[in-house]
Each structure stands twice: as structure tokens, then as C-alpha cells.
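The values are calculated or read from the model by the stated rules, or taken from the named source; none is laboratory data. In this text the structure is predicted, and so the values were computed from the model without any measurement. All Cβ positions, even for glycine, are placed from backbone atoms using ideal geometry, and neighbour counts span all protein chains on display. We work out accessible area using only protein heavy atoms, side chains counted, and drop any ligands, DNA or RNA first. Shrake-Rupley method; radii C 1.70, N 1.55, O 1.52, S 1.80 Å.
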Amino acid sequence: MAGMSPVRVLPADPAAIDEAAALLRAGGLVAFPTETVYGLGANALDATALARIYAAKGRPASNPLIAHVSDTAMARTVVATWPDVAQRLAEACWPGPLTLVLPRRPELPPALSAGLPAVGVRVPAHPVAQALIRAAGVPVAAPSANPYMGVSPTLAWHVEAGLRASPEPVLVLDGGPAAVGLESTVLDLTQAVPTVLRLGGLPLDRLRALLGEVATLSAEPGDQPLPSPGLARRHYAPRTPLLVVADAETEAARLRGEGKQVATIPLGADPVAYGAALYATLHELDARGYDVIVAAAPPADDAWAAVRDRLKRATG
Ligand code: TXA
Ligand code: MG
């Protein structure tokens, strides 16, 4: 039927989770809540199912996926090595917003890690994600459930709106808002010094407290593997143009003087609360059709680093 959405949303009750798990085992796509953002999941062991993720998102094949697992034992079925540092981090931070990059098992479909020799793996903290992975009985590959370069979804309707044009059917489990609101911190353990590839929900100072030395990419870390063909600077971007300026109110007043419909995003005092609300705010403002969004620039300290990174990418 023309115009029929490929996306079906169900409340994440036990019957829906069972249906979703069966769909995953059959090679289908299931979007599900995690504590960070909603993920677009497929059976990580099924190359055909992985191809459906790339098609649904319009995502380039060069961008690796994260394997979501129920526990450390399942993580070890995905990676080829499990160093002490991984065990320590898993005990301290899982379930939670930390993705560990480790050498992959050679028998996995190459598309899981976009052909790279290392794979990202994490145990999500959301009870629906955990129940889904356990019911499916396989690692679940899942990027954020937004179209390529779009703002990650933190509510089920964000997924529904974003994937309306997907060539693949998607079942969405609605488990309410994603509490962290920013993607996981991605930590590469294949380097001599553990290296943050993407800032995210697990704060940098927590990693430093656990590991001592932690490297970050020069400038602010990105959402792409290193080395990466075509490292996308614009990412996480709303459709509405976004400006980040020191004095948002003055800039907003100037733009209103030009006759523009302007929304502002105030800073507040708490970077965690700001990060939790940021994507929902961008989705909401996009839906309301402003001419421009003006956000106040965050302070230059570590506590705001993940938020600064996402705002910078959102301005393209
Ligand atoms: O919080 C999250 O991480 C969410 C939820 C759904 O778990 N997922 C997510 O996935 O943000 P995605 O695909 O949108 O971003 C994953 C990023 C990749 O773009 C890449 O930068 C990094 O994680 N990554 C994944 N596997 C990697 C690998 N093998 N080597 C280097 N970087 C990798
Ligand atoms: Mg993403």
C-alpha cells in the first residue's frame, strides 16, 4: 500500500520482546531502547541481517557496528582476546555506556566490523535490551536507530519518524526514554594506551580513575574508526540549522530582528542532565519547524566534553 510505514511500534512487554527475539533470529530488524539511545538491531552472526541494517539507515559500509551482548561470557564469543584491562572495565562499567574495541573473532561476518580487524562490544544497561538479547540468544549488532548522519533517537517516535523511508521493515520496542541520552563511550583496547575513539555516556574522568592513562584523539574524538575513509564531521545533525555561540540570547535576538523563527537551547548547570535531554530537544525543535536553533556554548572542561563534541558535529 502506498505510504504505508515500514515501521511498527509495540510497547515493550514480554510478548512483544518474544516476538522481537524471534524476528531477530529470523534475520529481521528490531529497534530497541538502550540506556544511551535506541539501537537498530540485527543478529550479529547473520551477514544478510547485517546488510539490512546498512540499507535501513542508508549507512556507508565503512562504518562498523557495535555488538550488544548480555554479559561478559557472550562478549568473549565475539572477541578474539580478553585482556585483563577488558575484564576490569567490564566489572566496573557493564552493564553501561562503554563500548570496548578488541580484536574480532575471524569467523564473524566481516560486515559486523565493516571489515576492520577489531570489533566493538558492550553490555547495555536497559532491561528491555537485556531481555531481548537473552531471548534472542545471539549477540545483537546495533547502530543508533537514526538515518545516516541524523540525530540519534532517545524515544520510540524518533525512530518511527526517522526510518519512515526505510526499505526494510522494522519492529520498534517502545521502552520509554533513553536515560543517558548520548551514545556510549567507545574505547579502543587494541592500542598500547587505551584510546577513546568517541566521547560518550561514560565520563572521561571515570575512565581515567579506572585506567590511569587514557588517550583521546587529537581535536575532539569522532564517531568513526581510525583510520577511516571519509571521516564524517557532520553527524548527529538536526535538519534545522544549529548555531553554537557564547551568548545565545543576544544572537537569538539579532536573528529574530531579521524576522527569523528562533529556538534557543539554554546551558544549565548540569552536563549529565543536558546530555540526557539534548537529542530529544533537537528532535522536538526539528518537528516544530524553526528557521534556526541557537545553543549556548558549553564550558571547555572535561565534564562537558561529550556534549561539546555532539554540538560541534550537529552544527556540521
Ligand atoms: O550507545 C551506543 O553506542 C549506541 C547504542 C545503540 O548502543 N550505538 C551507537 O552505534 O551509537 P553507532 O553505530 O551509531 O556508533 C558506533 C560507533 C561507530 O561509528 C564507530 O565510531 C565506533 O562506534 N566503532 C564501532 N565498532 C568499531 C570498531 N571495530 N573500530 C573502531 N570504532 C568502532
Ligand atoms: Mg550513530
Exercise. Kindly provide the set of residues from the stretch 297-316 that are within 22 Å of LEU197 (Cα to Cα), small (Gly, Ala, Ser) and touching a residue at least 24 places away in the same chain (Cβ under 8 Å), ordered by number.
Key: ALA303, ALA305, ALA306, ALA314, GLY316
Practice problem: From VAL186, VAL138, VAL159, grab the single residue that is at pLDDT 95 or above, in contact with a strand residue (DSSP E or B) (Cβ under 7 Å, 6 or more places away or on another chain) and away from ligand 2 (no atom under 16 Å from the Cβ). | Solution: VAL138
Practice problem: Report yes if ALA269 is touching a residue at least 40 places away in the same chain (Cβ under 8 Å) and of a type in the set (A, V, I, L, M), otherwise no. | Solution: no
Quiz item: Of all the residues that make up the stretch 272-296, how many are touching a residue at least 12 places away in the same chain (Cβ under 8 Å) and in a helix (DSSP H, G or I)?
Solution: 14
Quiz item: Given the residues TYR279, TYR290, which is the only one that is open to solvent by less than 10 Å² (accessible area, probe 1.4 Å) and aromatic (Phe, Trp, Tyr)?
Solution: TYR279
Quiz item: Counting only residues that are open to solvent by 10 Å² or more (accessible area, probe 1.4 Å) and aliphatic (A, V, I, L, M), which one in the stretch 88-106 is farthest from ligand 2 (Cβ to nearest atom)?
Solution: ALA92
Practice problem: Could you figure out which of (1) within 17 Å of the chain's Cα centre (by Cα); (2) near ligand 1 (Cβ under 10 Å from one of its atoms); (3) more than 23 Å from ARG239 (Cβ to Cβ) isn't true of SER152? | Solution: (3)
Quiz item: For residues in the stretch 99-122 being within 17 Å of the chain's Cα centre (by Cα) and of a type in the set (A, V, I, L, M, F, W, C), which is farthest from THR34 (Cα to Cα)?
Solution: ALA114
Exercise. Return the total of residues in the stretch 238-271 being out of contact with any strand residue (DSSP E or B) (no Cβ under 8 Å at 6 or more places or on another chain) and surrounded by fewer than 19 Cβ atoms within 10 Å (Cβ to Cβ).
Key: 10
Practice problem: List every residue pair whose Cβ atoms sit under 6 Å apart, with the two residues 6 or more apart in sequence or on different chains, where the first one lies in the stretch 123-151 and is in the same structural domain as THR48 (by TED's automatic domain parsing) and over 13 Å from GLU35 (Cα atoms) and the second, anywhere, is part of a helix (DSSP H, G or I) and near ligand 1 (Cβ under 9 Å from one of its atoms). | Solution: ALA141/LEU112; PRO147/LYS57; TYR148/LYS57
